[in-house]
Amino acid sequence: MDDFGLGILLRNKQIKKMVSSYVGENKEFERQYLSGELEVELTPQGTLAERLRAGGAGIPAFYTPTGAHTAISDGGLPLLYNADGSVKRLPRRRRSAPSTAGTTSSSPRSPATSRS
């Protein structure tokens, strides 16, 4: 859907980073992501909803076992690609408290930078 909503913002280069659970079938989104112009953080829908709820409630971070023992917990999917297709940036490695080994943390206030 390139002609309305996010498609218009993408076309005008008004989006630098997207945090979403589903990205749809937008050709401009795909082009920008694969060429390294757009950073993408894919988040499970329930975790995304909880990040929004927790942020609104003033909760700075929370733990969720979503993605435990998967590629996500081992470093995740690339956030940003170079124009040649090589990986430019991976998510920061997440640390777990001893009592929550195997879980990931998420910060609702700053999705890209506040990892525990």
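The values are calculated or read from the model by the stated rules, or taken from the named source; none is laboratory data. Because the structure is a prediction, the values reported are computed rather than measured. So basically every Cβ, Gly included, is an ideal-geometry build from the backbone, and we count neighbours across all protein chains shown.
Comparison of Ile15, Ile8, Ile59 shows that the only residue that is at pLDDT 90 or above, surrounded by 15 or more Cβ atoms within 10 Å (Cβ to Cβ) and either over 21 Å from Lys88 (Cβ atoms) or out of contact with any strand residue (DSSP E or B) (no Cβ under 9 Å at 6 or more places or on another chain) (or both) is Ile15.
Checked against (1) in contact with a Lys or Arg (Cβ under 6 Å, 6 or more places away or on another chain); (2) under 16 Å from Pro91 (Cα atoms), Thr70 meets all criteria but (1).
Hey, can you tell me all the residues within segment 18-40 that are assigned to a helix (DSSP H, G or I) and crowded, with 16+ Cβ neighbours inside 10 Å?
Initially, segment 18-40 is screened for residues assigned to a helix (DSSP H, G or I), giving 27-34.
Correct list: Glu28, Phe29, Gln32, Tyr33.
Checked against (1) surrounded by 15 or more Cβ atoms within 10 Å (Cβ to Cβ); (2) out of contact with any Lys or Arg (no Cβ under 8 Å at 6 or more places or on another chain); (3) modelled with pLDDT under 90, Tyr81 passes all but condition (2). Contact map, segment 10-28: residues that are without any contact (Cβ under 8 Å) to a residue 60 or more places away in the chain paired with residues that are surrounded by fewer than 11 Cβ atoms within 10 Å (Cβ to Cβ) and assigned to a loop (DSSP other than H, G, I, E, B), Cβ distance under 9 Å, separation 6+ or inter-chain. Pairs shown: Arg11/Asp3.
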